[in-house]
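Report on one structure; see the data block that follows.
Every number in this text was worked out from the coordinates using simple rules, so none of it is lab data. Computed from a prediction, not measured in an experiment: that's the story for all the values here. Every residue, glycine among them, receives a Cβ derived from its backbone with ideal geometry; neighbour counts consider all protein chains shown.
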């Protein structure tokens, strides 16, 4: 299978990478380090599209970010592997050693080892959670959490495994919902991508769907990144936790400003404050407070808040410039009308 393994000596397979197609005269040795030959079998070095290395052992079903080119590090990794229940990993599963044992922390065991199930696209720090017999028992909240772990893992380690079959389907399904929510909800949409971004992402996903290559690390990384964002968004929206009635009630509560739920001042204090604001300051504080409140309103996209603030600041600068101009003209007229002393 044509994965990005720096230690393999066989010619690289045809990839969808524009760089590789344009530089077809470059052979595999340009992407390999001669020191990688010292890696013991069956360890291979895999190159991430962004350039960093990680290491994969197909026989043991182990992935590690530790630099096992160092014999001492390799020894620690092997000690950690010996302490992990490798035999419990079934077909389509592997483990990512996020932390290896050292002479000072033999008691840490495998608390930071991520079990991966490629067949179900799930990952968990507890191996039992992602075993095939237990996957069907996961509730939607936990399933989404483990799916987020999986896509986050795959976005950082895309070069040793083919793109999961469900990645394209899940991406199309999520984009369809985001696009629909933008059309229905408009400015109040909470989807993480705008209508224009959904259109652009949909075009990319369609192009990837028409690509027969399933071992492109860049393709896997892109889909994993997008699906990780989808899982994160669903977690923030309490995906699979509430019924329609409860979800709508919670949404309405979020729309009520916290200040309105707090204790209100006495009516006499409010009347006095409004009197001072309206008579002394001509109601200007009320106007600016309404503008700031409207500008700071968050509807699911930070980009929109940033655009609103940029427009508001531009408006303030323009109004202040006009105020200075009018003040200068008025002061000059007052100076002209003032009686001259003989």
Residue 289 and residue 72 label points (each 7 Å along its Cα→Cβ direction) are spaced in nm at 6.4
Region 175-259: Kirkwood hydrodynamic radius (Cα pairs, Å) comes out at 15.0
For a quick check: sort 43, 225, 151, 289 by the number of other beta carbons within 10 angstrom, fewest at the front.
289, 225, 43, 151
On a C-alpha basis, how far is the centre of region 46-94 from the centre of region 156-218 in Å? Whole number, if you could?
30
Determine, at each q value in 0.12, 0.14, 0.17, 0.27 (inverse angstroms), the log₁₀ of I(q)/I(0) that the Debye formula gives when each Cα of region 267-329 is one equal point scatterer.
-0.47, -0.60, -0.78, -1.06
